[in-house]
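S.K.: Got a structure for you, questions after.
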Amino acid sequence: MKIMVAIKRVVDYAVKIRVKSDRTGVETNNVKMSMNPFCEIALEEALRIKESGLASEVVAVSMGPAQCVDTLRTGLAMGADRGVHVEAAGQLYPLTVAKILKSLVEVEKPGLIILGKQAIDDDCNQTGQMVAGLLSWPQGTFASKVVLDKEKQLAMVEREVDGGLETLELDLPAVITTDLRLNQPRYATLPNIMKAKSKPIKKYTPQELNVDVKSDLEVIQVTEPPKRKAGVILSSVEELIDKLKNEARVI
Amino acid sequence: MHKSLSNSYKFSTLKRHSGSLSPFVPSIFRLNQTNNLQSQSSLTNSIKTPSGYSPFRHFNQNPCFFSSGYFPNGINFKGFGRNESGVSCAKLFFRSFCSEMCRESMAYDVVIVGAGPAGLSAAIRLKQLCREKNVDLSVCVVEKGAEVGAHIISGNVFEPRALNELLPQWKQEEAPIRVPVSSDKFWFLTKDRAFSLPSPFSNRGNYVISLSQLVRWLGGKAEELGVEIYPGFAASEILYDADNKVIGIGTNDMGIAKDGSKKENFQRGVELRGRITLLAEGCRGSLSEKLIKNFKLREKSHAQHQTYALGIKEVWEIDEGKHNPGEILHTLGWPLDQKTYGGSFLYHMNDRQIALGLVVALNYHNPFLNPYEEFQKFKHHPAIKPLLEGGTVVQYGARTLNEGGLQSIPYPVFPGGAIIGCAAGFLNVPKIKGTHTAMKSGMLAAEAGFGVLHEDSNMEIYWDTLQKSWVWQELQRARNYRPAFEYGLLPGLAICGLEHYILRGKSPYTLKHGKPDHEATDAARLHSPIEYPKPDGVLSFDVPTSLHRSNTNHEHDQPAHLRLRDPKIPELVNLPEYAGPESRYCPARVYEYVPDEKNQVKLQINAQNCLHCKDFQACDIKDPKQNIKWTVPEGGGGPGYSVM
């Protein structure tokens, strides 16, 4: 069984973000980029499934500008067997990504797709669900535990939901998105980084996959959130009620 | 990540060159009392470490951990033959028993520690020489920062002298060197006023740059030439052979939890063996300092101790109208007093960005001095404040620099390699420039190293060429400026005037440095606490806010990399006698004295904040009892500078 893992190149989580002065987006020039932490967890899970013998190959997929190859190489260094890079300039929104993943699934025919639950730059939390919808595959999102059963072709996914933990049984092929507590991603070792240089990365363009990247969304403006105002110490209950009524307008 | 064109890495341990190379024996480790893995590698014929430890004791231990399922040490079984030393049996034997301790090993011709200006210049120069002479050498650079340039911070007014020699086409190749110096101001500050003085610098022909960006560009150039650069890997130990020759370095184990146990993503460090090892760790590099001590390199060159300064820097984005690309300013005087050497800098880069900072020499006397707060004070000076109003801070960082100059340069060659760049200490203090000399030292070491590997010469040639180069000439001329300030600010300025205008580098004397920095701190009772104004959040900031801007992060669950040799000293000595200076000299608030449950004040080490300013010098340098020891944390952590 082949596992496809989608990884995204995002601004590193430790970087302090600034909004560009023209407010069209976030400053990404000269800023450290790395693999989305949830995608690392997804890749780690795929590698563990492969190491337990239930999968034969792990393919890492990434979409974006040419530098995505660096992120793919990190993925290959962690242990993925092959990489696929879909080169596309400009902002890619979840629906477009899902459509591209669907086209790639038709080419690669994996038995399982694992993604991170969301990217830390846009926090959309949509791509996994959309891919499952487009493919009509079952989905297990926010996975905190995954157990595969190869003979029955099932995946038992324990999900972290608001009410607690929910366990689902999915027929394979399926889509799984990973949450934080699923595993601890491994480090890429030096020897693996060197081996990764010779692993193949196949390149595609969205046109080759028959996907139109024009988006239905347009970002008009990006601003910083308003600065937190200082708290005010009130002197009496009447003052509190007055403020709640007239300033905050909640009663 | 990086793309490397070189395929000349070798996995095997077996040497392909003739000539004597130490028999290869994997490293041997033992668990010390706190259960931290400590390694003592040794190449011996008798399979014992120098301390007599025998690996056979591990025969009954739990079978361990193969990081990726193939032979540790990368020994290719098929190609394994018997070598002259007859150690082969031992090696086979070894592999079965010492799996716990063995690390994978990779062999290169040259291993360079640190992807900074010196390290990358050396790497580039080596590959250039290879091309000229039509040979090949495998060159590997390890860097503890998460990417090349992440731990690079410097003023920086760049003198392109060394770069012109290394990569003369840098302009065509779009090096990030675009802002030539347009004006050069020098002020003496008092609390409210600024007096303009004639500038002692001649910066015509120099450029205002971000060194972090330049180093990133140099890294790209190095990779194009086939250098393998591995960011995110911290070199934590030196590897020796039986003759005490340096044969490479070992990287840190990753994935160790705070209590020393292995986490599920534990990854053993790797050995990088080089026929030549170049240490380019920058000022007060942890491995370089060990080597200097081990091989007594300071005594060998009759050098004095090294003296240091702490530089704290911020990059601001200011209003367009106030920005003047290429304008540089240096100040002396306020906020530092007459007995404390230091000064500030303010350079206009491009894109409306300015770099400003304060450098404080670490031999200050008053234990209540807080360099970070002095810097915040400085920004409020009436001549500086208007420039910053309306602007925002982009990044913050701190790093120590060496101020010892010529008098403190240790003998930079050791058996198996050399020390280059600020790790040795080639900074020209009156010019406040060390980048060009660091680069040149890297180039000279590369040339000497190439000679060793291909022409059978020896590494001592590096020392000779260094002393014949313009680096030495510059440092000769500059040697008396800094020590002159031992006599105070005004006498110091007078001597500098003498040196600069009259003697012009032909001084018949060489001034000596004063006491080492850690001995210079007076007891707290001789001084009174300094009241620093509260940060206003617009011009001045508190440490946590600034720290956030340095993009500093370390993996939380790892052993603290700052260790106390004696845990009782902070409360017994540092606090009562010196009023706990470490809580003040650290620019990242790593050290805090907080009351514990019993309301006793204890030293708390927030190692995660560490900016790697190597001020662990401050820790290591300034700590009156030299009690704090900085070790290198897990690679990939630390600050994330991009425009510093």
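S.K.: For region B:351-509, compute Rg over Rh where Rg is the Cα radius of gyration and Rh is the Kirkwood radius from the inverse mean 1/r over Cα pairs.
M.R.: 1.06
S.K.: As an exercise, find the ratio Rg/Rh for region A:58-114 from alpha-carbon atoms, using the Kirkwood inverse-distance average for Rh.
M.R.: That ratio equals 0.96.
S.K.: I'd like the Karplus ³J(HN,Hα) series for region B:530-542: coefficients 6.51, -1.76, 1.60, θ = phi - 60°, whole numbers in Hz, and an x wherever there's a Gly or Pro.
M.R.: Using θ = phi - 60°, the values come out as 9, 8, 9, x, 6, x, 9, x, 10, 9, 10, 9, 7 Hz.
S.K.: How would you order B:198-204, A:238-244, A:57-63 from highest to lowest mean count of nearby Cβ atoms within 10 Å?
M.R.: So the order, starting with the most tightly packed, is A:57-63, B:198-204, A:238-244.
S.K.: Can you tell me the Rg and Dmax of region A:171-251, counting just the alpha carbons, in angstroms?
M.R.: Expressed in Å, the Cα Rg and Dmax of region A:171-251 come to 27.1, 73.
S.K.: Can you tell me the Rg and Dmax of region B:521-587, counting just the alpha carbons, in angstroms?
M.R.: Using the Cα atoms of region B:521-587, the pair Rg, Dmax is 15.7, 41 Å.
S.K.: Okay, moving on. Which of the lysines could be linked to B:Lys171 by a straight reach, that is with a Cα gap under 16 Å, when you skip same-chain ones fewer than 8 residues away?
M.R.: Filter leaves B:Lys221.
S.K.: Using just the helices of the protein assembly as shown, give the 222 nm mean residue ellipticity in deg cm²/dmol: DSSP H runs with n ≥ 4 each add -39,500 (n - 2.57), and the total is spread over all residues, rounded to 500.
M.R.: Rounded to the nearest 500, it is -6500 deg cm²/dmol.
S.K.: Hey, what angle do you get for helix A:68-78 against the long axis of chain A, alpha-carbon based, 0 to 90 degrees rounded to 10?
M.R.: That works out to roughly 70 degrees.
S.K.: Which order, highest average first, do B:388-401, B:337-350 follow once you tally other Cβ atoms within 10 Å for each residue and take the mean per peptide?
M.R.: Taking the mean over residues of other Cβ atoms within 10 Å, the ranking is B:388-401, B:337-350.
S.K.: Let me know the mean shielding of B:253-263 by other chains, meaning the per-residue number of their Cβ atoms within 10 Å of its Cβ.
M.R.: 1
S.K.: Suppose R0 equals 45 Å. What FRET efficiency, 1/(1 + (r/R0)^6) with r the Cβ-Cβ distance, do A:Cys124 and B:Glu320 give to the nearest 0.05?
M.R.: The pair A:Cys124/B:Glu320 has a calculated efficiency of 0.80.
S.K.: Hey, could you get me the Stokes-Einstein D for chain A, Kirkwood radius over alpha-carbon pairs, 37 °C and 0.692 mPa s, rounded to whole µm² s⁻¹?
M.R.: D = 165 µm²/s.
S.K.: OK, next. Measuring from a point 7 Å past the Cα of A:Arg228 along Cα-to-C-beta, which residues in region B:381-410 have an amide N at less than 20 Å?
M.R.: Under 20 Å, as judged by backbone N against the label point of A:Arg228, lie B:393 of region B:381-410.
S.K.: Can you tell me which of B:316-324, B:237-245, B:265-273 comes out highest on packing, and rank the rest after it, using the mean Cβ neighbours within 10 Å?
M.R.: B:265-273, B:237-245, B:316-324
S.K.: How do A:Asp12, B:Asp557 line up, fewest other C-beta atoms within 10 Å first?
M.R.: Going from least to most buried by this count: B:Asp557, A:Asp12.
S.K.: Counting DSSP beta bridges with both partners in region A:2-225, what percentage is antiparallel, nearest 5?
M.R.: 40
S.K.: Related question: List the GluC sites (Glu not before Pro) within region B:437-471 that fall in a DSSP loop (any state other than H, G, I, E or B) and whose Cβ has at most 13 other Cβ atoms within 10 Å.
M.R.: Here the sparse-neighbourhood loop sites are B:Glu455.
S.K.: Going by amide H atoms built from the backbone, whose H comes under 5 Å of the H on A:Ala88, apart from near neighbours?
M.R.: Placed amide hydrogens put A:Gly64 under 5 Å from A:Ala88.
S.K.: Now for a different question. How large is ³J(HN,Hα) for each residue in region B:394-409, as worked out from phi by the Karplus curve 6.51 cos²θ - 1.76 cosθ + 1.60 (θ = phi - 60°), to whole Hz, x for Gly and Pro?
M.R.: For region B:394-409, the Karplus curve yields 9, 8, 9, x, 8, 7, 8, 10, 8, 10, x, x, 4, 5, 10, 6 Hz.
S.K.: Something else about it: Calculate the all-directions average of the projected area of region A:21-83's alpha-carbon convex hull, and give it in nm².
M.R.: 5.1
S.K.: Near B:Lys506, which aspartates and glutamates are there with a Cα under 14 Å away, not counting those fewer than 8 places off in the same chain?
M.R.: Within the straight-line limit of under 14 Å, B:Lys506 reaches these aspartates and glutamates: B:Glu474.
S.K.: While we're here: Could you give the length gained on full extension between A:Ile220 and A:Met156, defined as 0.36 nm per residue of separation minus the Cα-Cα distance, in nm?
M.R.: Using 0.36 nm per residue and subtracting the Cα-Cα distance, I get 18.9 nm.
S.K.: A further question on this structure: Of the cross-linked pairs A:Lys195/B:Lys245; B:Lys191/B:Lys339; A:Lys152/A:Lys197, which ones have a Cα-Cα span greater than 25 Å in the structure shown?
M.R.: Beyond 25 Å between Cα atoms: A:Lys195/B:Lys245; A:Lys152/A:Lys197.
S.K.: Once both labels are modelled 7 Å past Cα along the beta-carbon direction, what's the B:Ser183-A:Asn210 spacing in nm?
M.R.: With each label placed 7 Å out from Cα toward Cβ, I get 6.6 nm.
S.K.: Is there a simple number for the mean count of other chain Cβ atoms within 10 Å of the Cβ of residues in A:12-19, and what is it?
M.R.: Counting other chains' Cβ atoms within 10 Å and averaging over A:12-19 gives 5.
S.K.: By DSSP, what percent of the beta bridges with both residues in the protein assembly as shown are antiparallel, rounded to the nearest 5?
M.R.: In the protein assembly as shown, DSSP labels about 60 percent of beta bridges as antiparallel.
S.K.: Compute the projected area of the convex hull of the Cα atoms of the protein assembly as shown, averaged over all viewing directions, and report it in nm² to one decimal place.
M.R.: Mean projected area of the Cα convex hull: 42.8 nm².
S.K.: Hey, another quick one. Provide the gained length on full extension for the span B:Ser261 to B:Lys245, in nm with one decimal, where the gain is 0.36 nm per separating residue minus the Cα-Cα distance.
M.R.: Result: 2.6 nm gained on full extension.
S.K.: Between region B:274-318 and region B:344-375, what is the C-alpha centre distance in whole Å?
M.R.: Cα centres, region B:274-318 to region B:344-375: 21 Å.
S.K.: Continuing with the same structure: What percent does the relative contact order of chain A come to when contacts are Cα pairs within less than 8 Å and at least six residues apart?
M.R.: Relative contact order for chain A comes out at 23 percent.
S.K.: Oh, and also: For B:Thr190, A:Thr223, A:Thr178, B:Thr307, which order do you get if you count the other beta carbons within 10 Å of each Cβ and list the fewest first?
M.R.: With the sparsest Cβ surroundings first, the list reads A:Thr223, B:Thr190, B:Thr307, A:Thr178.
S.K.: Let me know the Kirkwood hydrodynamic radius for region A:1-124, please, with Cα pairs as the basis and the value in Å to one decimal.
M.R.: So the Kirkwood estimate lands at 15.0 Å.
S.K.: Shielding of A:194-200 by partners, i.e. mean partner chain Cβ atoms within 10 Å per residue?
M.R.: Whole-number average of other-chain Cβ neighbours for A:194-200 is 3.
S.K.: If you don't mind, another one. So if I take the centroid of the Cα atoms in region B:505-557 and the same for region A:204-251, what is the distance between those two points in Å?
M.R.: 40
FYI, it's all coordinate maths here, none of it is from the lab. Computed from a predicted model, the values in this text were never measured in an experiment. Here Cβ is always computed from backbone atoms with ideal geometry, including for glycine, and neighbour counts include all displayed protein chains.
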